[in-house]
Amino acid sequence: MRRQRQDHLFQKWLDEHKGIILKVVRAFSADPEEQDDLFQDIVIQLWMAVSSYRGKAKPATWIYRVAMNRALTWRRGEEREHHRRDQVLEWPTSEQPDDGHADQLEQLYAEIRQLPPLDRSLVLLHLDGFSHREIADTVGLTENNVGVRLSRCRKRLAEKLRD
């Protein structure tokens with residue numbers, strides 16, 4: 001893929017699917033500075049990986065995979081950077097709803113952050129509107145297993161949010 005086309009695709013996908021990245025970021029950290037760092041790391045990883053996109057999955061699925069893998073690596077601290085970049089990408093780290101439900105949304109994300117990484121992935125994909133089949137393909141589970149795990153996650157989250 002030519003560099004100019006890669007740059008165009010990258011910008012287009014970032015504009016269209018920024019929400020996916022923001023959800024992953026919020027699911028891995030509540031700290032705004034860490035969210036900024038993780039968002040930047042994911043964007044950089046996507047930019048470096050865009051040439052490897054082969055079209056076998058939808059762009060949103062591919063972006064989610066890259067974002068989730070980077071977030072998991074970041075969380076483990078294996079490749080975490082300890083210095084600031086000279087040029088910082090200026091992107092918001094959260095999309096706040098305008099209808100006064102920001103506190104409820106933050107409480108939901110706080111509970112999602114407590115889930116094990118695989119369950120967190122399933123919930124985020126589900127919230128983004130992916131079908132059980134698409135989720136199964138993305139994370140490498142059976143469609144039935146995805147349904148069972150999501151059902152358990154919903155129950156667990158509902159119980160926590162009722163408290």
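Overview of results
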{"read-out": "Residue within the range 84-102 that is outside any loop (DSSP other than H, G, I, E, B) and either over 26 Å from Leu150 (Cα atoms) or modelled with pLDDT under 90 (or both) present", "value": "yes"}
{"read-out": "Check on Gln6, in a helix (DSSP H, G or I) and either at pLDDT 85 or above or within 23 Å of Gly129 (Cβ to Cβ) (or both)", "value": "no"}
{"read-out": "Some residue of the range 32-54 being touching a helix residue (DSSP H, G or I) at 6+ places or on another chain (Cβ under 7 Å), surrounded by 14 or more Cβ atoms within 10 Å (Cβ to Cβ), under 19 Å from Pro117 (Cβ atoms) and of a type in the set (S, T, N, Q)", "value": "yes"}
{"read-out": "Test: residue in the range 11-26 that is in a helix (DSSP H, G or I), of a type in the set (S, T, N, Q) and without any contact (Cβ under 8 Å) to a residue 12 or more places away in the chain", "value": "yes"}
{"read-out": "Residue ID - nearest to Ile20 (Cα to Cα), chosen from residues in the range 127-163 that are in contact (Cβ under 8 Å) with a residue 40 or more places away in the chain and crowded, with 17+ Cβ neighbours inside 10 Å", "value": "Asp128"}
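The values are calculated or read from the model by the stated rules, or taken from the named source; none is laboratory data. Computed from a predicted model, the values in this text were never measured in an experiment. Because the Cβ atoms are built from the backbone with ideal geometry, glycine has one as well, and the counts that use them run over all protein chains shown.
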